[in-house]
Amino acid sequence: MASADMAIRKYVSPLGWAVAGMFVLTLALFLCLGWVEMLAFALVCATLLVSSAALSVGNTAFTATLSVSNTRVSVNQTMHAMVTVSNPSTSVTASASGDLPISQSNYGSLEWHHERFAIPSLGAHQSKQTAIPLTATHRAVVTVGPLSVRKGDPFGLVRREHRLTEQIRVYIHPDIVPLHTLHAGIIRDLEGNPSDDLVNDDLSFFGLREYEYGDDVRNVHWLSTAKTGTLMIRQFEATRRTDSSVSLDVAAFSYASAEEFELAVSVFASIGVQCVSERRALYAQSGRLHVQPRKPADFLDTCSEIEPETRGGTMLANLAREALLACDKASLYCFVAGSAHEVDDLRRLGAAIPDSVTCVVVQVVAGASSAVRTLPECVFITVGVLDDLPLLMEVLS
């Protein structure tokens, strides 16, 4: 009895329950008062319910697969959701409709829309494939699915629905620009990574060369000197530490518009991708998101999830503190903030960073003239257009 009751509750829509209630009510009024009009209304309700139940009957034992052409796309790119519905049985299925919900977060609010398509009657072991184009309109994390198959009446009173697939997450990455090699924040360190530069004293041995005036005699390779009769000196590859920290101010009031915030995310993503591409150890912070990505694609996935935070109170003062807590031995600290801040406030970020390392503060001002200034506390960069970023960052070399 319990399972039958649950099935009825599942298949009958709220409108169907309303029609059933009207049937019971009008039939009771006819029996109590003898009004023929109530009997006519009850018969109409009964006819609707019986017709709806009959139209909902049919074999809907489908199986389905859901895939997307690419789980990582950029803004304005088009991907395709591929839906394959199959009939695994030997009996013919009834026609039905497919429902594919698609959701994405847009500045704190969740937007939903449904892609609906017809599923024709399928013979034994037949399949029907449907390609649904989806255009990435803005940076977000999109959830595609789960796919459901519905069989019901045209009145919407009775419906049978089966969930056939799981959800798929699609990352819409921000726009980025390729940067030149970042020479800023490179520190020679015996525990760092070997570079292409040759020096006379380090740990990573490279080769030998002839002695030159002023060379340290402690680096003379005596065995080779004895064999060649010429004084030979050891050469080493310079080992360097290039840990980098990149932070983004996500306070909504820091930016003049949503477009300016997106520009800041693109600047943040471009610098971070370049650091990861150069195999720098990257510590990235953006609000509640703290990551140490090893691959550019993983970092861009994180950037797709960034949302502006609207809670009260300034967050700018916390950027330097959080960056130092995440990594207190970085050789490059970079901060990205919006146009609402005064230059003096942004300079305080640089003042909080040790003088021995490089600090870069990037202020995003949509449409403004791009510029670079060297201040006592930091290198201050103003970015008005994303395409200007490669040239601006090259100044740091």
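Of everything in segment 132-164, what is of a type in the set (Val, Ile, Thr) and more than 22 Å from the chain's Cα centre (by Cα)? Give them in sequence order. Hits for segment 132-164 are 149, 158. The set of residues from segment 270-303 being of a type in the set (A, V, I, L, M, F, W, C), touching a residue at least 24 places away in the same chain (Cβ under 8 Å) and not in a loop (DSSP other than H, G, I, E, B) comprises 271, 273, 275, 282, 284, 297, 299, 300, 303. Could you check, for segment 55-65, whether at least one of its residues is open to solvent by less than 40 Å² (accessible area, probe 1.4 Å), at pLDDT 80 or above, within 25 Å of residue 130 (Cβ to Cβ) and within 55 Å of the chain's Cα centre (by Cα)? Yes, that holds for at least one residue. The residue that is most open to solvent (accessible area, probe 1.4 Å), among those in segment 354-370 that are over 24 Å from residue 255 (Cα atoms) and part of a loop (DSSP other than H, G, I, E, B), is 355. Does residue 234 fit the bill of being part of a loop (DSSP other than H, G, I, E, B), over 19 Å from residue 320 (Cβ atoms) and touching a residue at least 24 places away in the same chain (Cβ under 8 Å)? No; evaluated as a whole, the condition is false for this residue.
Only residues that are surrounded by 17 or more Cβ atoms within 10 Å (Cβ to Cβ) and more than 27 Å from residue 160 (Cβ to Cβ): list them for segment 27-40, please. Hits for segment 27-40 are 30, 38. When segment 327-365 is filtered for residues that are within 18 Å of residue 271 (Cα to Cα) and among the small types (Gly, Ala, Ser), the ones remaining, listed by number, are 330, 331, 337, 338, 350.
The residues of segment 347-364 that are under 18 Å from residue 322 (Cβ atoms) and free of Cβ contacts under 8 Å to residues at least 12 places away in the same chain amount to a single one, 354. Quick one: is residue 71 open to solvent by 20 Å² or more (accessible area, probe 1.4 Å), within 25 Å of residue 176 (Cα to Cα), touching a Pro at 6+ places or on another chain (Cβ under 7 Å) and polar (S, T, N, Q)? Spelling it out, it is not the case that residue 71 is open to solvent by 20 Å² or more (accessible area, probe 1.4 Å), within 25 Å of residue 176 (Cα to Cα), touching a Pro at 6+ places or on another chain (Cβ under 7 Å) and polar (S, T, N, Q). The residue pairs whose first member lies in segment 251-269 and is touching a residue at least 24 places away in the same chain (Cβ under 8 Å), whose second member is open to solvent by 10 Å² or more (accessible area, probe 1.4 Å) and part of a helix (DSSP H, G or I), and whose beta carbons are closer than 8 Å, counting only pairs six or more residues apart or on different chains, are 251/316; 254/316; 261/252; 263/386; 266/386; 267/386; 269/300. Condition check for residue 112 on (1) surrounded by 19 or more Cβ atoms within 10 Å (Cβ to Cβ); (2) aromatic (Phe, Trp, Tyr); (3) within 23 Å of residue 301 (Cα to Cα): one failure, at (1). Filtering segment 259-283 to residues that are modelled with pLDDT under 90 and either within 21 Å of residue 316 (Cα to Cα) or open to solvent by less than 20 Å² (accessible area, probe 1.4 Å) (or both) leaves 275, 276, 280, 282.
Within the option set 302, 230, 242, being open to solvent by 50 Å² or more (accessible area, probe 1.4 Å) and among the polar types (S, T, N, Q) holds for one residue only, 230.
The values are calculated or read from the model by the stated rules, or taken from the named source; none is laboratory data. Keep in mind the model is a prediction, meaning the values are calculated, not measured. Quick reminder, even Gly has a Cβ in these numbers, built from the backbone with ideal geometry, and neighbours come from all protein chains shown. Accessible surface areas use protein heavy atoms only, side chains included; no ligands, DNA or RNA. Shrake-Rupley method; radii C 1.70, N 1.55, O 1.52, S 1.80 Å.
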